[in-house]
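Chemist: Dropping the structure in here first, questions after.
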Amino acid sequence: MIAEVARDVRSGRCFAREIVAEALAAVEALHDLNAFTLVEPEAALTRAAAIDEAVAAGGDPGRLAGVPVALKDLIDQEGRTTTAGSSFYREVADRSATVVSRLEAAGAVIVGRTGLHEFAYGFSSENDWWGPVRNPWDPSTSPGGSSGGSAAAVAAAIVPLGIGTDTGGSVRVPAALCGQVGLKVTHGRIPLTGVFPLAASLDTVGPIASSVADASAAYAVMAGSDPADPWSVGPPVTVPEQPASLADLTVGIPTRWVNRPLHPTIADAYHGAVSALADAGARVVEVDDPRLDPSAMPAATYAEVGLVHRRWFEEGPERYGPAIRDRLAAALSHTADEVAAAHAWREMLRRAFVAIFRRVDLLVTPTVAAPAKIIGRATVDTGAGPEPYRPALSWFTPLVNQAGVPALTLPVNTVGAPPPSIQLIARWWQEPLLLAAGWAATEAGITAGGRTAGAAISAVQLRDQA
C-alpha cells in the first residue's frame, strides 16, 4: 500500500492532502480506540499541501510521498511535546529524532503521536494516565505493548505505517496481537537519536505495517548510521529486490525455546507454518541449544532501565503507575555483582546465536504464546490454564534484543481474527534476508499481508450506541 500511495502522489494521480484528510477522518471516527495521544490536523494538512505543491512544480517529494504515519509518543518531533505515556514527563522537542527527519525527508506525513505503555515499560498499553489503547479487532482486548497505539492505528487502517520501539518485544508483540507485520532491527541499525530511552543498549526503532513490502519501504528510509548516535553502526543499508528462494534456506526450530504452553490457535498456526515452509522447499532442522532459554534470563539484564529513572523515582515514585513503579524499584535494587553476571549471560547468549547461525539461515518461533489479552485482566490463556500475561506475551521476544539480532513478525495465513503470528530471526545485519524470506512466505501463502480489522472496527464505532 505504501508504494502505491507514494507512486500515485508522486505522479499527480492523487493528492497527499486527500490521503491525509482521510487518515485524519479515520482518527476521529475511531477515537474510542484511544490510539493517539496527539493529533494536529492543521499541521498535517499543511504539510500534505506542500507535498502536492512540490509535485505540481515538477519536484519529487520522496519515496514515501503523502504516506500517513503514526508515531509513538516517545520519539521526538520538533515543536511537539513528548510524553512517553507518563504522568509527568513533558518535553517540547527542539528538533526531531533522526528517524522522523528521515521519514519526512522521504515525503511521509505524521498525522499523530500514539499511545503506549508508560515509559515503554510493559506489554499491554493499558496506561494508568492515558487510559488503555484498544485493539481494533476486539476493543475489549489489548493491542499489546509497548507500541500499542502504533499497531492499533495500522490494524484499524487509519494509517499504513506505524513507528514503534522495541527493547524486549515492543514492536513485535503489538504487531502480533493486531495481526500485522513488525520488524525489530539489529541493534544500531536505525538511529536512536531523539528517542526517549528505556534501555539504550537494547533499544531499537522499527516499523509496524500490514505487509512485508510496506515494512521494507519504511526500513529503507529509516535505517543507516547517524554520527549523533553512539549505538549507530553497521554496513550499508539494502532491501531485497525479489523474494528469497525458500528452497535455499535452512530454518531452525529452537526446541527448548518453543517447548512451552501455547494456546491451541497459536500452536496450530505455528506448526502449520513450519510444515508449509518445509513443503515449500526449506530445510527445517531442530536446534537444541539450552542457552536459548528465556527462563534463564537474569532480572538484572534490565537494570539499565532503573538508571534512566533513578532521580525522578527517588523524588516522587507516586508519579509512576503501580505496575511499573514496582518494576523500577526492582531494577534499582540490583547489585553490581548481579549486573556483571547479567552482562556475562548476555555475552554467552550472543555466542550461542553465533554458533546457531553457522548452521541455519533463520530461526522460527511463535511471536506470542496467547492470542489475546483482555483489558484489565492480569492473565491470559495459553492452553494450560491462566498464566500471567507479561511472560506469556514476551516469552519469544526478549532474547532477540539481548543478542541484538533482527527479527520479523508475520501473521500466518489462517483463520483468525486477528490471525496468529510467527517470528523469523536472522543473524546480525540480515534484515534483507528476513524481509526477502517474509516476502517469499507471503507469496507462498504461508503468511498473510494486508489484513486489517475490517468489520471488527464497527464494534468500536457502535459501542456507545449499544
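The values are calculated or read from the model by the stated rules, or taken from the named source; none is laboratory data. Being a predicted model, the structure only gives us computed values, none of them experimental. Note that each Cβ is placed from the backbone with ideal geometry, even for glycine, and that neighbours are counted across all protein chains shown.
Chemist: Condition check: in contact with a Lys or Arg (Cβ under 9 Å, 6 or more places away or on another chain) and farther than 25 Å from ALA6 by Cβ. Does SER245 satisfy that?
Modeler: No; evaluated as a whole, the condition is false for this residue.
Chemist: Does any residue of the range 182-189 turn out to be buried (at least 23 other Cβ atoms within 10 Å of the Cβ), within 24 Å of GLY321 (Cβ to Cβ), among the charged types (D, E, K, R) and in contact with a Lys or Arg (Cβ under 8 Å, 6 or more places away or on another chain)?
Modeler: Checking the range 182-189: not a single residue is buried (at least 23 other Cβ atoms within 10 Å of the Cβ), within 24 Å of GLY321 (Cβ to Cβ), among the charged types (D, E, K, R) and in contact with a Lys or Arg (Cβ under 8 Å, 6 or more places away or on another chain).
Chemist: Tell me the residue from GLU304, GLU318, GLU338 that is part of a helix (DSSP H, G or I), without any contact (Cβ under 8 Å) to a residue 40 or more places away in the chain and acidic (Asp, Glu), please. Explain how you work it out, then say what you get.
Modeler: Values: GLU304 fails: without any contact (Cβ under 8 Å) to a residue 40 or more places away in the chain; GLU338 fails: without any contact (Cβ under 8 Å) to a residue 40 or more places away in the chain.
Answer to the selection: GLU318.
Chemist: Ok, one more. Taking the options THR409, THR397, THR414, name whichever one is within 20 Å of TRP439 (Cα to Cα) and buried (at least 20 other Cβ atoms within 10 Å of the Cβ). Reasoning before the result, please.
Modeler: On the way: THR397 fails: within 20 Å of TRP439 (Cα to Cα); THR414 fails: buried (at least 20 other Cβ atoms within 10 Å of the Cβ).
Exactly one of THR409, THR397, THR414 is within 20 Å of TRP439 (Cα to Cα) and buried (at least 20 other Cβ atoms within 10 Å of the Cβ), namely THR409.
Chemist: Are there any pairs with C-beta distances below 7 angstrom linking a residue in the range 254-269 that is closer than 14 Å to PHE396 by Cα to a residue that is of a type in the set (A, V, I, L, M, F, W, C) and in a helix (DSSP H, G or I), with the two at least 6 apart or on different chains, and if so which?
Modeler: Nothing qualifies.
Chemist: Which condition number in (1) surrounded by fewer than 13 Cβ atoms within 10 Å (Cβ to Cβ); (2) closer than 29 Å to ALA437 by Cβ is the one that PRO322 fails?
Modeler: Going through (1) surrounded by fewer than 13 Cβ atoms within 10 Å (Cβ to Cβ); (2) closer than 29 Å to ALA437 by Cβ one by one, PRO322 breaks only (2).
Chemist: Among THR98, THR37, THR46, THR81, which is within 17 Å of VAL154 (Cβ to Cβ) and either modelled with pLDDT under 95 or of a type in the set (Ser, Thr, Tyr) (or both)?
Modeler: Working: THR98 fails: within 17 Å of VAL154 (Cβ to Cβ); THR46 fails: within 17 Å of VAL154 (Cβ to Cβ); THR81 fails: within 17 Å of VAL154 (Cβ to Cβ).
Among THR98, THR37, THR46, THR81, only THR37 is within 17 Å of VAL154 (Cβ to Cβ) and either modelled with pLDDT under 95 or of a type in the set (Ser, Thr, Tyr) (or both).
Chemist: Which residues, counting only those in the range 140-172, are surrounded by fewer than 24 Cβ atoms within 10 Å (Cβ to Cβ) and either outside any loop (DSSP other than H, G, I, E, B) or in contact with an Asp or Glu (Cβ under 9 Å, 6 or more places away or on another chain) (or both)?
Modeler: Within the range 140-172, just THR141 meets the criteria.
Chemist: Here is a further query. Taking the stated definitions as given, is ASP52 free of Cβ contacts under 8 Å to residues at least 60 places away in the same chain and in contact with a Gly (Cβ under 9 Å, 6 or more places away or on another chain)? Talk me through it step by step, then tell me what you get.
Modeler: Numbers: free of Cβ contacts under 8 Å to residues at least 60 places away in the same chain: yes; in contact with a Gly (Cβ under 9 Å, 6 or more places away or on another chain): yes.
Judged against the criteria, ASP52 is a match.
Chemist: A further question follows. LEU349 fails exactly one of the following numbered conditions: (1) without any contact (Cβ under 8 Å) to a residue 60 or more places away in the chain; (2) surrounded by fewer than 18 Cβ atoms within 10 Å (Cβ to Cβ); (3) closer than 30 Å to GLY252 by Cβ. What is the number of that condition?
Modeler: All conditions are met except number (2).
Chemist: Modelled with pLDDT of 95 or more, closer than 21 Å to GLY164 by Cα and surrounded by 21 or more Cβ atoms within 10 Å (Cβ to Cβ) - does that describe any residue in the range 356-367?
Modeler: Yes, some residue in the range 356-367 is modelled with pLDDT of 95 or more, closer than 21 Å to GLY164 by Cα and surrounded by 21 or more Cβ atoms within 10 Å (Cβ to Cβ).
Chemist: If PRO235 meets every condition in (1) over 21 Å from the mean Cα position of the chain (by Cα); (2) at pLDDT 95 or above; (3) over 24 Å from TYR389 (Cα atoms) apart from one, which number is that one?
Modeler: The failed condition is (2).
Chemist: Considering only the range 304-314, I want to know if a residue exists there that is within 27 Å of ARG260 (Cβ to Cβ), in contact with a Ser or Thr (Cβ under 8 Å, 6 or more places away or on another chain), at pLDDT 95 or above and not β-branched (Val, Ile, Thr).
Modeler: Step one: of the range 304-314, the residues within 27 Å of ARG260 (Cβ to Cβ) are 304-305.
Subset that is in contact with a Ser or Thr (Cβ under 8 Å, 6 or more places away or on another chain): 304.
Then keep just the ones that are at pLDDT 95 or above; that gives 304.
Those left that are additionally not β-branched (Val, Ile, Thr): 304.
Yes.
Chemist: Now a separate question. If only one of ASP248, ASP229, ASP214 is surrounded by fewer than 17 Cβ atoms within 10 Å (Cβ to Cβ) and of a type in the set (Asp, Glu), which one is it?
Modeler: ASP248
Chemist: Separate question: Just the residues that are part of a loop (DSSP other than H, G, I, E, B) and more than 18 Å from GLY148 (Cβ to Cβ), please, taken from the range 53-73.
Modeler: If the condition is that a residue be part of a loop (DSSP other than H, G, I, E, B) and more than 18 Å from GLY148 (Cβ to Cβ), then ALA57, GLY58, GLY59, ASP60, PRO61, GLY62, ARG63, LEU64, ALA65, GLY66, VAL67 are the ones that fit.
Chemist: A further question follows. Name the residues in the range 20-43 that are over 16 Å from GLY149 (Cβ atoms) and either surrounded by 21 or more Cβ atoms within 10 Å (Cβ to Cβ) or polar (S, T, N, Q) (or both), would you?
Modeler: Listed by number, the list holds a single entry, VAL20.
Chemist: Something else about it: Being in a loop (DSSP other than H, G, I, E, B), closer than 14 Å to ILE374 by Cα and in contact (Cβ under 8 Å) with a residue 40 or more places away in the chain: is that true of SER96 here?
Modeler: no
Chemist: Can you name the number of the only condition in (1) surrounded by 13 or more Cβ atoms within 10 Å (Cβ to Cβ); (2) under 26 Å from PRO174 (Cα atoms); (3) not basic (Lys, Arg) that LEU332 fails?
Modeler: (2)
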